[in-house]
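Q: Quick one: the structure is below, questions incoming.
The values are calculated or read from the model by the stated rules, or taken from the named source; none is laboratory data. Everything quoted here is computed from the prediction, not taken from an experiment. With ideal geometry, Cβ positions are generated from the backbone for all residues, glycine too; neighbour counts draw on all protein chains shown. Accessible surface areas use protein heavy atoms only, side chains included; no ligands, DNA or RNA. Shrake-Rupley method; radii C 1.70, N 1.55, O 1.52, S 1.80 Å.
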Amino acid sequence: MLDLSLVVAAIAAFPVDSPLVGPQVQALRLPRPIVVDGIVDADEWQGAVRAGRFVQREPTEGAVPTESTVVYVAYDAGAIYVGARLFDSTPDSILARLGRRDADLLADEFTFYVDPYYDRRSGYFFTVNAAGTLSDGVLYNDDWDDNTWDGVWEGRARVDSLGWSVELRVPYSQLRFRQGEPQVWGVNFSRVVARKNELSYLVLRPRTESGFVSRFADLTGIAGIRPAAQVEVRPYVTAKAHYGPAAAGDPFYDGSAYGSTVGGDLRAGLGAGLTLNATVNPDFGQVEVDPAVVNLSDVETFFDEKRPFFVEGSSLFQFGFGGATNYFGFNWAGPDFFYTRRIGRAPQGALPDAEYADVPEGTRILGAGKVTGKVAGNWNVAMLSAITARETARLSLDGQTSAHEVEPLTYYGVGRMQKEFPEGRHGLGMIATLASRAFDDPALRDQLNSSSTAAGLDGWTFLDRDKEWVVTGWVGASQIRGTTARITSVQQDPRHYLQRPDATNLGVDSTAASLTGWAARVYLNKQRGDVYANVALGALSPTFDVHDLGFMFRTGFTNGHAAVGRMWNQPSGPFRRRELGGAVYGTRNWDGDITWLGVSTWGWGQFRNFSSANYFVSLNPRTVSDRRTRGGPLTLTPPGAEMYLNVRSDSRKAWSWGLNGGMYYRNAADRNASLGASVSFRPAPNVSLSFRPSVFVNRTPTQYIGAYDDSTATATYTQRYVFASLQQMEFSGGLRVDWTFTPTMSLQLYAQPLVSSGNYGYFRGLRAPRTADYDVYDSDDTYDAATETIYPNGRAAGDSIVLYNPDFSAVSLRGNAVLRWEYLPGSTLYLVWTQSRAAWEETGDLNFGQSMRQLMRTPAENIFLVKLSYYWTP
């Protein structure tokens with residue numbers, strides 16, 4: 001237990017002669033820099049004014065914290081300093097967990113929030129936990145945060161008999177603020193006592209209200225400083241070795257390959273409000289590999305961005321969000337105007353026939369630059385430009401080698417601006433994107449757009465003084481250009497399906513050399529009080545397309561919903577907190593057909609032992625599908641129901657677990673179910689292990705096979721739309737080990753095994769549009785299994801369709817190991833090992849043991865990489 005006499009003596013030793021301040025925090029001008037060692041020394045901090053007292057937000061909102069916290073702020077000509085003494089009645093119970101920078105750790109921690117530009121909407125946060133792990137990021141939209149930004153600053157922590165203490169030093173070069181006097185910044189602090197699940201703030205944001213940065217206390221007393229000249233350079237060099245299986249006779253790869261690259265990053269201030277980030281010839285070999293997936297749909301798989309240059313500050317380019325805190329989207333397939341993974345994607349050009357091909361895995365980024373910050377008051381600005389190289393594949397046929405262009409030289413540009421009016425009551429923003437290609441090979445002109453442009457306006461306005469009701473929305477337009485062959489192909493791709501034969505408001509224009517479309521979405525949100533509400537309506541025109549530099553699932557629909565919910569934020573019965581909600585929603589295609597309709601309810605609760613559970617239930621009546629035939633006529637979708645449940649244990653413990661399960665059910669032949677688990681274990685404060693196994697089972701009678709010309713299929717527009725019953729089973733798991741040796745050195749291991757199989761049978765053809773009626777080809781007269789041939793009208797009719805065997809059994813293992821050492825602030829050494837192996841068989845039978853043995857026998861591809869970067873600033 002803590003000796004109270006020591007607390008009294010410790011407090012007496014601190015400079016607390018000045019009275020406590022409430023809505024203001026006073027900063028002390030230092031006569032000399034403080035040595036940041038985590039010890040809040042009374043001599044170094046002499047004269048500093050203690051900030052006001054903290055208030056609990058969790059678990060009991062408004063209560064006095066169970067542990068005392070003393071905070072001071074100071075500054076000198078080059079940096080701002082924060083010192084905090086965090087008293088603890090049981091110091092041996094402090095959760096001091098060490099992890100890699102920005103790791104999501106449940107540990108005792110202290111956070112410094114600052115709004116140096118004093119716009120009451122944005123800022124930065126800097127976190128140090130009791131073990132010295134650092135985390136940082138940016139604040140935006142008053143309520144949101146983004147930890148992808150990594151600044152160069154110092155933070156140290158020390159645990160002692162009184163609790164623990166922390167010191168931070170943040171150079172002005174890492175902050176944006178106005179030049180002039182007096183300097184007034186916004187400031188807030190928070191403390192987490194992990195073992196109690198206790199979160200306290202200097203300035204509290206109530207759970208039932210919105211607004212965080214706008215509530216910050218004023219940081220005063222800063223004078224005689226000016227924005228620092230921001231120039232940071234990080235040159236880097238990499239060396240890579242690639243080993244793997246090679247095909248006999250392959251002239252391009254004999255089982256090993258070696259390479260090296262040189263590049264660099266630049267960060268420079270452009271005045272007081274703007275920052276330039278640039279990269280030349282970047283290499284991202286240290287990022288975690290993407291998980292393996294088996295995608296049997298007509299929709300592209302979305303992968304998260306992991307490359308540091310594009311991850312950092314990505315929130316600045318978000319479009320369509322602002323003002324509101326909830327953006328529900330029941331079956332809303334909204335577009336992303338900017339999807340950074342388009343830059344440096346795999347080459348898209350088709351290859352001619354060849355025995356051997358050497359194709360680049362990704363398009364090389366020659367250079368990229370970002371300008372971000374504020375101009376003309378409260379205009380937020382974010383601009384990005386990137387140029388990717390012309391890529392060629394090396395081909396070999398009959399002993400002759402040749403080069404074939406697979407990706408043209410391409411420019412990508414994005415511009416984003418947003419104006420925030422006083423007190424954040426109104427906002428207005430805009431975005432513009434451009435992708436432009438320079439073709440050398442004329443064949444690529446029919447495969448890729450020559451240019452793509454998009455532009456949009458977004459904004460919000462609060463309807464009342466208390467900021468309880470807010471309207472937010474956006475509208476956008478797009479245009480792509482290319483050859484008539486290319487634009488015709490776009491109109492028929494899975495994002496558009498303009499060729500649908502029974503559509504009255506769609507159609508393919510084979511003479512068009514451009515495609516122009518629009519999209520819009522508007523929300524009404526109630527976001528204050530125990531009851532919340534969210535209503536939305538949106539539409540994407542059939543010819544809208546931002547896919548070149550954005551991401552989109554489909555077009556040609558309208559969608560809307562109305563949702564309402566209630567939160568109980570005070571303990572009651574077995575719950576600490578709980579929430580219930582419900583919604584009705586629907587989607588129509590461009591002809592007005594209802595393609596989705598539903599009513600849903602959900603709930604969440606945190607129990608008194610800090611475990612939690614949430615559920616989701618949805619009922620969907622009969623609708624029609626305009627995608628099942630993949631460009632063909634409508635089909636009927638039977639009614640269905642969805643159920644989902646997730647349970648999690650108290651994550652403060654060394655052992656924690658989670659269990660989730662879901663099911664969608666239409667009938668015995670049309671259903672899917674998933675079951676997943678998560679297990680985490682911390683054998684030591686600096687070591688964590690986690691495993692996330694999952695299983696997915698899917699049965700559907702209408703898995704798409706293909707569309708075939710058939711003049712006798714007059715009911716389906718002389719096309720025979722063939723489907724099959726599919727029984728799919730998939731096992732996957734993510735294994736992760738994090739071992740942090742020091743706050744600047746860590747080892748991360750990640751592995752993801754995947755086993756998936758699909759068994760197809762009972763081939764069938766759509767009998768008539770707008771029905772769920774199918775002709776099953778299961779007799780000797782309609783199906784020949786030996787030749788995989790169907791006879792839709794019987795063998796005697798003579799017409800036949802030769803299929804392929806779609807059965808599959810796939811196994812995969814992907815993983816990597818990354819040793820990261822920040823040997824100097826901002827300077828990093830990476831040692832990376834990446835391994836992948838995969839096998840595919842045309843059999844639909846799943847034998848887990850046999851599949852795993854086959855996986856282990858499959859030759860592996862191994863990549864070893866060393867990357868060294870050096871941080872330099874004048």
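Q: Would you list, by chain and number, the lysines whose Cα falls below 18 Å from the Cα of Lys653, excluding same-chain residues fewer than 8 positions away?
A: Within reach: Lys196.
Q: In nm, to one decimal, how far is the Ser93 label point from the Leu463 one, both placed 7 Å along Cα→Cβ?
A: So the two model labels end up 4.7 nm from each other.
Q: Right, another one. Along the Cα→Cβ direction, 7 angstrom out, place labels at Asp780 and Asp102. What is the inter-label distance in nm?
A: With each label placed 7 Å out from Cα toward Cβ, I get 6.6 nm.
Q: Once the Cα atoms of helix 848-857 and of the chain are each reduced to a long axis, what angle between those two axes, in degrees from 0 to 90 to the nearest 10, is obtained?
A: With rounding to tens, the tilt is 80 degrees.
Q: Separate question: According to the square roots a ≥ b ≥ c of the eigenvalues of the Cα gyration tensor, what is the shape class of the range 205-308, taking rounded for a/c under 1.5, prolate for a/b larger than b/c otherwise, and oblate for the remainder?
A: Oblate shape, in that a/c is at least 1.5 and b/c is the bigger or equal ratio.
Q: Give me the mean projected area, in nm² to one decimal, of the convex hull enclosing the Cα positions of the range 774-835.
A: Hull-based average projected area comes out at 8.7 nm².
Q: Still on this structure, please answer the following. Taking all protein chains as present, what is the carbon and sulfur share of the accessible area of the range 744-789, in % to the nearest whole number, probe 1.4 Å?
A: 50 percent
Q: Report, in deg cm²/dmol and to the nearest 500, the calculated mean residue ellipticity at 222 nm for the chain, where each DSSP H run with n ≥ 4 adds -39500 (n - 2.57) and the sum is divided by the residue count.
A: -1000 deg cm²/dmol
Q: Would you mind getting me the FRET efficiency between Ala403 and Asn862? Use the beta-carbon distance for r and R0 = 22 Å, nearest 0.05.
A: Computed FRET efficiency for Ala403 and Asn862 comes out at 0.20.
Q: Next question. Roughly speaking, to the nearest percent, how much of the range 261-360's 1.4 Å accessible area is carbon and sulfur?
A: Summing carbon and sulfur atoms, their accessible area is 54 percent of the total for the range 261-360.
Q: Further, regarding this structure: Which shape class applies to the chain: rounded if a/c is under 1.5, otherwise prolate when a/b exceeds b/c and oblate if not, where a ≥ b ≥ c are the square roots of the Cα gyration tensor eigenvalues?
A: prolate
Q: Pull up the cross-link candidates among the lysines for Lys467, meaning alpha carbon to alpha carbon under 20 Å and not fewer than 8 places away within one chain.
A: Within the straight-line cut-off, Lys467 pairs with Lys419, Lys526.
Q: Now, a different point. Please calculate the 1.4 Å probe accessible area of Ile431, with all protein chains present, and give it to the nearest 10 Å².
A: 10 Å²
Q: Once neighbouring chains are kept in place and the probe is 1.4 Å, which whole percent of the accessible area of the range 116-168 is contributed by carbon and sulfur?
A: 45 percent
Q: Pull up the cross-link candidates among the lysines for Lys240, meaning alpha carbon to alpha carbon under 30 Å and not fewer than 8 places away within one chain.
A: Excluding near neighbours in sequence, the set is Lys306, Lys370, Lys867.
Q: Taking only Cα atoms, what is the 0 to 90° angle, nearest 10, from helix 4-13's long axis to the longest principal axis of the chain?
A: Tilt relative to the chain: about 80 degrees.
Q: Given R₀ = 22 Å, FRET efficiency for Val647-Phe691 by Cβ-Cβ distance, to 0.05?
A: With R0 = 22 Å, the Cβ-Cβ based efficiency is 0.85.
Q: Next question. With every protein chain kept in place and ligands, DNA and RNA left out, what is the accessible area per residue of the chain? Probe 1.4 Å, answer in Å².
A: 42 Å²
Q: Counting other Cβ atoms within 10 Å, keep those with at most 15, restrict to DSSP loop, and tell me which chymotrypsin sites (Phe, Trp or Tyr not before Pro) in the range 759-804 are left.
A: Qualifying residues, ordered by number: Tyr804.
Q: In the range 725-823, which trypsin sites (Lys or Arg not before Pro) fall in coil by DSSP and have 13 or fewer other Cβ atoms within 10 Å?
A: For trypsin sites (Lys or Arg not before Pro) across the range 725-823 that sit outside H, G, I, E and B with at most 13 neighbouring Cβ atoms in 10 Å, the list reads Arg770.
Q: Please give me, ordered by residue number, the GluC sites (Glu not before Pro) of the range 350-444 that lie in loop per DSSP and have at most 12 other Cβ atoms within 10 Å.
A: The qualifying sites are Glu361.
Q: Take the alpha carbon gyration tensor of the range 658-805, find the square roots of its eigenvalues, order them as a ≥ b ≥ c, and report rounded if a/c is under 1.5; if not, report prolate when a/b exceeds b/c, else oblate.
A: Cα axes put the range 658-805 in the prolate bin.
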